[in-house]
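The values are calculated or read from the model by the stated rules, or taken from the named source; none is laboratory data. Fair warning: this is a prediction, and the values are worked out from it, not measured in the lab. Counting neighbours? That spans all protein chains shown, and the Cβs are built from the backbone with ideal geometry, glycine included.
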Amino acid sequence: MRSEILEILRRAGDKYISGEEIASRLGVSRTAVWKHIRELREAGYEIVSQSRSGYSLREAPDRLLPSEIQHGLDTQCIGCQIEAHEVVDSTNNVAKQLAAAGAAEGTVVVAEQQDGGKGRLERHFFSPAGKGIWFSVILRPAFLPQEAPKCTLLAAVAVARAMETFGLKAGIKWPNDILYENKKLVGILTEMSAEMDGINYIIIGTGINVNILPEDFPEDIRQTATSLAIMKGEKIPRVRFFQAVLRAMDDLYASVRTGDFEPVMQEWKKYSITLGQEVRVIGVRDGEVFTGRAADIDADGALLVDTADGRRRVLAGDVSIRPRQ
Ligand code: BTN
């Protein structure tokens, strides 16, 4: 009902529309309309009223509400269902529970804040209230579990595309960090439930530092983390940015779901700041450290590094770009 009232107010533009008119269009009482308007105001919508003319929507909040995100979101799959929370431990955990209970492919879980945000390698991921976009998407592709890591590349490319629509140049560090001036803007954590012969679901969790200011970051990551607002020098509208990311994900997933990763791979290479660079790799499993030149990614999304002892293939690892001597 709330979203229908909002739609009516949006369509009216600057004009006022009476409570009676809204009530009769929706087949409810005027009191019901009034209650919903009150709730919308509490949620941050600026709705003005005039005694004879009715209501008019002046401003929608830049909050990650399903009604705002879905408004004008013309995607086929990603964002078909949106579950929004004020605070959760981790949107990946919530998405996993929903997926296990049968949630549809494309379902998005987003939160204003995470108090147990998870990063790769069991690191904590800083996710303060109202300043970022912390979200997870449920996918159920028909391809084999071995292909799943490539979905991470899809998410990084989607954010990079969204940044471009906001005039920001993205640089992706293999496999999934987006950096600006060598500081982290975006992190992605992909989790999966699968059998040998098929995927039950993939959760792609993405954390985007949108409007975090330097002084907001905890001391321990202040030198290594940054945000879109710092990059742009002004606040970024989170809802519009999020819509741009979801649109890009939807577009890229149309080929990925059929097992065709080529468009994602090509675009990932375009945004890569790793390829062609001297890198230092720390192996995830054995902690082995080696250096070399990042030459390419292969069809599995693995990083190919040319070392003094020949070419090495890195499927999982911590890669840092070494400054040129
Ligand atoms: C990393 O950089 O190590 C990955 C960070 C992933 C963070 C996102 S925020 C949304 C989702 N929920 C989580 O708990 N983690 C991911």
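Worth a mention:
- Residue check, LEU189 within 14 Å of the ligand (Cβ to nearest atom), in contact with a Lys or Arg (Cβ under 8 Å, 6 or more places away or on another chain) and not polar (S, T, N, Q): yes
- Any hit, segment 50-57, residues being surrounded by 18 or more Cβ atoms within 10 Å (Cβ to Cβ) and either more than 18 Å from GLU7 (Cβ to Cβ) or within 16 Å of the ligand (Cβ to nearest atom) (or both): no
- Number of the exception - ARG247 against (1) of a type in the set (Lys, Arg); (2) surrounded by 15 or more Cβ atoms within 10 Å (Cβ to Cβ); (3) at pLDDT below 95; (4) touching a Ser or Thr at 6+ places or on another chain (Cβ under 9 Å): (3)
- For segment 82-98, the set of residues classified as out of contact with any helix residue (DSSP H, G or I) (no Cβ under 6 Å at 6 or more places or on another chain), more than 9 Å from the ligand (Cβ to nearest atom) and not polar (S, T, N, Q) consists of GLU83, HIS85, GLU86, VAL87, LYS96, LEU98, listed by residue number.
- Matching option when the condition is within 15 Å of the ligand (Cβ to nearest atom), at pLDDT below 95 and surrounded by 14 or more Cβ atoms within 10 Å (Cβ to Cβ), among THR206, THR152: THR152
- Filtered by the rule that a residue be charged (D, E, K, R), part of a strand (DSSP E or B) and under 18 Å from GLU4 (Cβ atoms), segment 67-93 gives no residues.
- Any hit, segment 99-117, residues being more than 16 Å from the ligand (Cβ to nearest atom), of a type in the set (Val, Ile, Thr) and either touching a residue at least 12 places away in the same chain (Cβ under 8 Å) or not in a strand (DSSP E or B) (or both): no
- Test for GLU147: is it away from the ligand (no atom under 11 Å from the Cβ), under 16 Å from the mean Cα position of the chain (by Cα), in the same structural domain as GLN266 (by TED's automatic domain parsing) and of a type in the set (Asp, Glu): no
- Pair list, Cβ < 8 Å and 6+ apart or interchain, from segment 67-82 residues that are not assigned by TED's automatic domain parsing to the domain that holds ILE8 to residues that are part of a loop (DSSP other than H, G, I, E, B) and among the basic types (Lys, Arg): CYS77/ARG257
- Residues within segment 83-98 that are touching a residue at least 60 places away in the same chain (Cβ under 8 Å) and within 15 Å of the chain's Cα centre (by Cα), tallied: 4
- Looking only at segment 163-183, and only at residues there that are touching a Leu at 6+ places or on another chain (Cβ under 6 Å) and more than 12 Å from the ligand (Cβ to nearest atom), the one that is nearest to ALA148 (Cα to Cα): TRP174
- Residue check, ARG30 surrounded by fewer than 13 Cβ atoms within 10 Å (Cβ to Cβ) and at pLDDT below 95: no
- The numbered conditions (1) crowded, with 21+ Cβ neighbours inside 10 Å; (2) over 30 Å from CYS77 (Cα atoms) are all true for VAL264 except (2).
- Any chance PHE135 is assigned to a loop (DSSP other than H, G, I, E, B) and of a type in the set (Phe, Trp, Tyr): no
- Total residues in segment 84-116 satisfying the condition of being closer than 22 Å to VAL210 by Cα, among the charged types (D, E, K, R) and surrounded by fewer than 19 Cβ atoms within 10 Å (Cβ to Cβ): the figure is 3.
- Within segment 1-19, residues that are touching a residue at least 40 places away in the same chain (Cβ under 8 Å) reach partners that are surrounded by 14 or more Cβ atoms within 10 Å (Cβ to Cβ) with beta carbons closer than 6 Å, at six or more positions or on different chains, in the pairs ARG2/HIS36; SER3/SER67; LEU6/SER67; LEU9/LEU57; TYR16/GLY54; TYR16/SER56.
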